[in-house]
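The values are calculated or read from the model by the stated rules, or taken from the named source; none is laboratory data. Keep in mind that what you see is a predicted model, and the values were worked out from it rather than measured. Glycine also receives a Cβ, built like all others from the backbone with ideal geometry; neighbour counts cover every protein chain displayed. Ligands, DNA and RNA are stripped out before the accessible areas are found, and what is left, the full protein with its side chains, is counted by its heavy atoms. Shrake-Rupley method; radii C 1.70, N 1.55, O 1.52, S 1.80 Å.
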Amino acid sequence: MILLGIETSCDETAAAVLIDGAVRSNVIYSQIAKHAPYGGVVPEIASRDHVKKLPGIIEEALSGAGCTFAQLDGIAVTYGPGLASSLLIGYSAARALSRRLAIPLTGVHHHEGHIYSVFLGENPPVLDGAFPMMALLVSGGDTKLVYMKEPGHYQIIGQTIDDAAGEALDKGALLLGLGYPGGPIIQRTAEGGNPKAVRFPRGLDNVGGEWKYEFDRKLCFSFSGLKTALLYHVQNHPETLADESRKRDLIASYQEAVADALAVRLERALEQYPCAAFACAGGVSLNKVLREKMKQLSEKCGTPLHLSSPKLCTDNAAMIAGAAYIKLSRGYPFTAPDDVNPNLKLKNWAD
Ligand code: KG4
């Protein structure tokens, strides 16, 4: 089965071709340089750039895979969650192509793409022995723990109650004047720093008060206090930023707090739910410190870990076609969405 994947949910314009679930091309155009002056993604700029770039990116994905439009068996497109105006560009292109080529279209939830990206590569995906699986999704827009007793069955057991992990890194970097996006810049500038130099908070554990969320508090994340702690630290110790070594230590400590808050809750989840494996996916899963913590956790618990290859961590279309392939190959039909849904919820395949 030859599938074309299309992803335009935020600021990456991406297309990919998968043959029987194996990634044959994965073309990503990042708009980061266009948004960097504003310190975040500007929806109007994003959608206009998708319109300009998507046709060329699709053609590049096809030629990279050595195939033609006529050889495609179907198209998979992200239809949510994300920025409405960005989602619409990929969705409209996918829908038009599917009609013109008379091939089926299927809609994919962006987070499903991230989750199944851990199984993708140059060979067809192998999911045997990985379920039940705990997935930690860490991106710029979301942070959640998803328990999957089988592929296509999603139970959200914890999530952030404020900022996402990527957002905490992006906002922290902006606050320190480091630029956008924060995750990679923080990783780079923290290199060689002492992650224990400043003790930052790790989320909700020491905070009292009423708990109004449906999830177990011990499995939920909170990064807004961490960001505020960074702000206060900089205000109270302005000299830190003038000293390169202290600045490096501060950034390393901030990065450590984000990674640690994620790892601690994942470990609790693995203690509470029977798992054959666990996965960490999404843009932040590129982070070296977090990847190392995940590997240590895997050794400690004796539970196998699945991580995406670096090119599949941040937004891409291979993960969208890959999620579609895994679903279709289990006998589920193509389901073309009627529209995009910026607030799309994860839905079980069987429902
Ligand atoms: O998954 P993604 O590409 O987009 C969303 O679906 O949100 O994730 C983007 C996020 C950004 O917040 C970015 O700062 C973060 O991933 N990120 C990283 C790294 N590379 C990207 N965070 C930490 N370390 C990195 N190396």
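Here is a check on your reading of the model: is Ala168 in contact (Cβ under 8 Å) with a residue 40 or more places away in the chain, more than 8 Å from the ligand (Cβ to nearest atom) and of a type in the set (A, V, I, L, M)? Yes. Among residues of region 206-217 being out of contact with any Gly (no Cβ under 8 Å at 6 or more places or on another chain) and touching a residue at least 12 places away in the same chain (Cβ under 8 Å), the one that is most open to solvent (accessible area, probe 1.4 Å) is Tyr213.
The set of residues in region 106-136 being assigned to a strand (DSSP E or B) and touching a Ser or Thr at 6+ places or on another chain (Cβ under 7 Å) consists of Thr106, Gly107, Val108. Can you confirm whether Ser245 is within 16 Å of the ligand (Cβ to nearest atom) and of a type in the set (S, T, N, Q)? Here the answer is no, as Ser245 does not meet what is asked. Looking only at residues of region 185-199 that are closer than 21 Å to Ala281 by Cα and buried (at least 17 other Cβ atoms within 10 Å of the Cβ), we find that the one that is nearest to the ligand (Cβ to nearest atom) is Gln187. What residue, among those in region 148-162 that are touching a strand residue (DSSP E or B) at 6+ places or on another chain (Cβ under 8 Å) and within 16 Å of the ligand (Cβ to nearest atom), is most open to solvent (accessible area, probe 1.4 Å)? Top of the filtered list is Gln159. The residue of region 295-311 that is nearest to Cys10 (Cα to Cα), among those that are within 14 Å of the ligand (Cβ to nearest atom) and either free of Cβ contacts under 8 Å to residues at least 40 places away in the same chain or open to solvent by 10 Å² or more (accessible area, probe 1.4 Å) (or both), is Lys311.
When you look at Ser86, is it in contact with a Pro (Cβ under 7 Å, 6 or more places away or on another chain) and among the polar types (S, T, N, Q), yes or no? When the stated conditions are applied, Ser86 passes them. No other residue among Ala102, Ala96 is free of Cβ contacts under 8 Å to residues at least 24 places away in the same chain, at positive phi and surrounded by fewer than 18 Cβ atoms within 10 Å (Cβ to Cβ) apart from Ala102.
The residues in region 267-284 that are assigned to a helix (DSSP H, G or I) and either within 15 Å of the ligand (Cβ to nearest atom) or surrounded by 24 or more Cβ atoms within 10 Å (Cβ to Cβ) (or both) can be counted, and the count is 2.
Residues in region 23-61 that are open to solvent by less than 40 Å² (accessible area, probe 1.4 Å), in contact with a Leu (Cβ under 8 Å, 6 or more places away or on another chain) and under 17 Å from Lys311 (Cα atoms): Val23, Ser25, Asn26, Ala61. Select from region 108-147 the residues that are among the small types (Gly, Ala, Ser) and within 16 Å of the ligand (Cβ to nearest atom) and write down the one among them that is most open to solvent (accessible area, probe 1.4 Å). Within region 108-147, the match that is most open to solvent (accessible area, probe 1.4 Å) is Gly141.
For Asn287, the stated conditions do not hold, so it cannot be described as outside the structural domain of Ala197 (by TED's automatic domain parsing) and within 13 Å of the ligand (Cβ to nearest atom). Scanning for something in a helix (DSSP H, G or I) and at pLDDT 95 or above, does region 73-81 turn up at least one residue? So far as region 73-81 goes, no, none of its residues is in a helix (DSSP H, G or I) and at pLDDT 95 or above.
All told, Ala263 falls short of being within 16 Å of the ligand (Cβ to nearest atom), in the same structural domain as Ile185 (by TED's automatic domain parsing) and in contact with a Gly (Cβ under 6 Å, 6 or more places away or on another chain).
For every residue, the table says whether it meets (1) among the β-branched types (Val, Ile, Thr); (2) in contact with a His (Cβ under 8 Å, 6 or more places away or on another chain); (3) touching a residue at least 40 places away in the same chain (Cβ under 8 Å).
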| position | (1), (2), (3) |
| --- | --- |
| Ile32 | yes, no, yes |
| His35 | no, no, yes |
| Pro43 | no, no, yes |
| Asp49 | no, no, no |
| Ala76 | no, no, yes |
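Residues of region 314-333 include none that is more than 19 Å from Leu87 (Cβ to Cβ), under 14 Å from the mean Cα position of the chain (by Cα) and within 16 Å of the ligand (Cβ to nearest atom).
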